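Reading through the structure tokens given below for one structure.
The values are calculated or read from the model by the stated rules, or taken from the named source; none is laboratory data. From a predicted model like this one, the values you see are computed outputs, not experimental measurements. A quick note on method: Cβ atoms are made from the backbone with ideal geometry, for glycine too, and the neighbour counts reach across all protein chains shown.
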Amino acid sequence: MIAPPFVAAGPPGVTIRTRLKDLTPEDETVLRAVGAHLGSLASRDLKTRCADGLEHDADRWAARKRELTAGSSARWAGSITKASHDQWALARRTQQAHVESFEAGVRTLERRLALPIGAKGTRREPGGYRSRKEWFAKSRRLGVLKDRLAVVRADRDAGTVHVVRGGHRLLNRRHHLDEAGLTPKEWRERWEAGRSFLQADGESGKRYGNETIRVTPEGEVSIPLPAPLADLANARHGRYVLSVRAAFAHRGASSGATGWWRTGRWPTASTTTPNGAAGT
């Protein structure tokens with residue numbers, strides 16, 4: 001006899017963030033060097049992914065990963081290519097939402113412009129415009145929206161996205177430092193931090209859930225260094241072990257790493273390096 005269908009509970013997962021405090025100068029030097037090196041590789045890979053557009057496929061993804069492996073490692077290359085793919089996909093979703101927003105605006109303007117001047121609306125839909133002056137201004141606005149919609153549609157159909165590693169907002173602040181309350185040096189530090197790369201997803205079946213950014217139950221954090229920075233390693237197999245311990249607090253548990261270790265659930269942890277680059 002077949003049992004009736006039921007909804008299974010989702011997997012118990014949590015995301016916990018922490019900061020690495022009291023880093024030694026050596027730790028800061030290594031983390032900044034790794035973040036800057038991987039960030040440059042991530043920038044090049046994202047450029048390649050955007051250039052591929054809709055023609056991208058599994059073979060092209062594998063080729064990108066092979067190109068990155070020589071300057072980093074297989075695991076770092078996998079993290080970078082996945083991050084580039086996710087960023088491109090997010091830009092595509094945002095682009096589609098932008099198209100839909102323009103289309104909704106065009107429909108509203110066209111409907112109201114078609115109504116007589118001063119026509120009353122309903123509870124669900126607005127009426128006509130109040131004066132000829134407002135009608136004329138909105139007709140001009142309609143032309144602007146249609147032009148912008150045509151541009152965004154063309155980009156969407158061609159698979160073209162506009163992405164800035166570090167963020168459009170921070171990039172634009174470079175031209176308005178006084179309004180942002182930043183000095184050129186402060187802006188440069190934030191810009192470099194936003195473009196650095198030091199993150200990795202969890203790996204199924206791996207020790208402590210991740211071989212790239214490994215956090216032991218005692219809070220020891222270690223990372224494999226890219227090939228050009230292998231001389232900075234202080235542990236076996238080209239890894240660098242930080243001098244500080246990562247402390248996680250979850251559901252009122254102790255601030256040490258054992259706080260979440262005793263829960264029996266391995267979190268997707270995020271750490272922040274001195275220059276602001278986050279790793280998961």
(request) Find the residue count for region 118-130, including only residues that are in contact (Cβ under 8 Å) with a residue 12 or more places away in the chain and loosely packed, with under 13 Cβ neighbours inside 10 Å. (result) 3
(message) I need the full set of residues from region 221-232 which are crowded, with 17+ Cβ neighbours inside 10 Å and out of contact with any helix residue (DSSP H, G or I) (no Cβ under 8 Å at 6 or more places or on another chain), in order please.
(response) 221, 222
(request) Please verify whether region 21-38 includes one or more residues that are more than 16 Å from the chain's Cα centre (by Cα) and closer than 17 Å to residue 78 by Cβ. (result) yes
(message) For region 109-130, give me each residue that is outside any loop (DSSP other than H, G, I, E, B) and hydrophobic (A, V, I, L, M, F, W, C).
(response) 109, 113, 114
(request) Go through (1) under 30 Å from residue 61 (Cα atoms); (2) surrounded by 16 or more Cβ atoms within 10 Å (Cβ to Cβ) one by one and return the number of the condition residue 180 breaks. (result) (1)
(request) Please state which of the following conditions residue 40 fails to meet, knowing it meets all the rest: (1) surrounded by fewer than 17 Cβ atoms within 10 Å (Cβ to Cβ); (2) in contact with a helix residue (DSSP H, G or I) (Cβ under 8 Å, 6 or more places away or on another chain). (result) (2)
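Is it the case, given these coordinates, that residue 252 is farther than 25 Å from residue 84 by Cα, assigned to a helix (DSSP H, G or I) and either modelled with pLDDT of 80 or more or small (Gly, Ala, Ser) (or both)?
The answer is no for residue 252.
Look through 186, 203 and report the one residue that is farther than 30 Å from residue 77 by Cβ, within 24 Å of the chain's Cα centre (by Cα) and of a type outside the set (A, V, I, L, M).
Working: 203 fails: farther than 30 Å from residue 77 by Cβ.
From the options 186, 203, the qualifying one is 186.
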(message) For region 54-74: of the residues being in contact (Cβ under 8 Å) with a residue 60 or more places away in the chain and surrounded by fewer than 18 Cβ atoms within 10 Å (Cβ to Cβ), which is nearest to the chain's Cα centre (by Cα)?
(response) 54
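Give me a count of the residues in region 109-153 that are in contact with a Pro (Cβ under 8 Å, 6 or more places away or on another chain) and not basic (Lys, Arg). Spell out how you get there, then give the answer.
Just the residues of region 109-153 that are in contact with a Pro (Cβ under 8 Å, 6 or more places away or on another chain), to begin with: 112, 128.
Right, trim to not basic (Lys, Arg) and you get 128.
The total comes to 1.
What residue, among those in region 77-90 that are within 10 Å of the chain's Cα centre (by Cα) and of a type in the set (A, V, I, L, M, F, W, C), is surrounded by the fewest Cβ atoms within 10 Å (Cβ to Cβ)?
Of everything passing the filter in region 77-90, 90 is surrounded by the fewest Cβ atoms within 10 Å (Cβ to Cβ).
I'd like the full set of residues that are more than 19 Å from residue 146 (Cα to Cα) and out of contact with any Ser or Thr (no Cβ under 9 Å at 6 or more places or on another chain), limited to region 108-124. Show your work before the answer.
Going through region 108-124, the residues more than 19 Å from residue 146 (Cα to Cα) turn out to be 115-124.
115, 116, 119, 120, 121, 122, 123, 124 - these are the residues of region 108-124 that are more than 19 Å from residue 146 (Cα to Cα) and out of contact with any Ser or Thr (no Cβ under 9 Å at 6 or more places or on another chain).
Could you tell me whether residue 106 is assigned to a helix (DSSP H, G or I) and under 27 Å from the mean Cα position of the chain (by Cα)? Steps first, answer last, please.
On the way: assigned to a helix (DSSP H, G or I): yes; under 27 Å from the mean Cα position of the chain (by Cα): no.
When the stated conditions are applied, residue 106 does not pass them.
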(request) Just name the residue that is surrounded by the fewest Cβ atoms within 10 Å (Cβ to Cβ) out of those in region 159-177 that are in contact (Cβ under 8 Å) with a residue 24 or more places away in the chain and either touching a strand residue (DSSP E or B) at 6+ places or on another chain (Cβ under 7 Å) or of a type outside the set (D, E, K, R) (or both). (result) 162
